1. Across segment 82-98, what is the total count of residues that are surrounded by 13 or more Cβ atoms within 10 Å (Cβ to Cβ) and out of contact with any Ser or Thr (no Cβ under 6 Å at 6 or more places or on another chain)?
2. Across segment 61-101, what is the number of residues that are among the acidic types (Asp, Glu) and at pLDDT below 90?
3. Please specify each residue of segment 48-87 satisfying the condition of being outside any helix (DSSP H, G or I) and aromatic (Phe, Trp, Tyr).
4. Here's a check for you: in segment 71-81, which residue that is surrounded by fewer than 20 Cβ atoms within 10 Å (Cβ to Cβ) and of a type in the set (A, V, I, L, M, F, W, C) is nearest to Leu56 (Cα to Cα)?
Amino acid sequence: MSIFKLKIVVLGMVGVGKTDIIRRFLRQDLITDYKLTVGIDIFTKYLAYEEGKIALISIWDIAGQSRFEDIRKTFYNNADGAMIIFNLYNMPSFAKAKQLVDEIRDFI
């Protein structure tokens, strides 16, 4: 059996639902007690993608608060992909998503 490792960073403004989306993917549950991510949370999940082949997906939930902007880029190293989350009812989060796309292109 072979294991393929994949690192995905999840980015977006504070409060747009990054952690909720990740938890739905991992466990199919909803967050009932919302708490801000401080710094970073790392989640992992094994997925079978072919017979005898497994992917270990490492999902890095990066805090959206502006105070973490200086250290956020250090978490991009060795990332294989990124998911940028925004809220259509929060237009500043859409503007921030555009900025994050430009920022992440330098690393991935």
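1. So the count comes out to 9.
2. Quick first cut of segment 61-101, residues among the acidic types (Asp, Glu) only: 61, 69-70, 80.
Going one step further and asking which of them are at pLDDT below 90, we end up with 69-70.
So the count comes out to 2.
3. Taking segment 48-87 as the starting set, the residues that turn out to be outside any helix (DSSP H, G or I) are 48-65, 77-87.
Once the filter is applied, which keeps residues that are outside any helix (DSSP H, G or I) and aromatic (Phe, Trp, Tyr), segment 48-87 yields Tyr49, Trp60, Phe86.
4. Ala79
The values are calculated or read from the model by the stated rules, or taken from the named source; none is laboratory data. Since we're looking at a predicted model, the values are computed, not measured. Ideal geometry is used to build each Cβ from the backbone, glycine not excepted, and the neighbour counts take in all protein chains shown.
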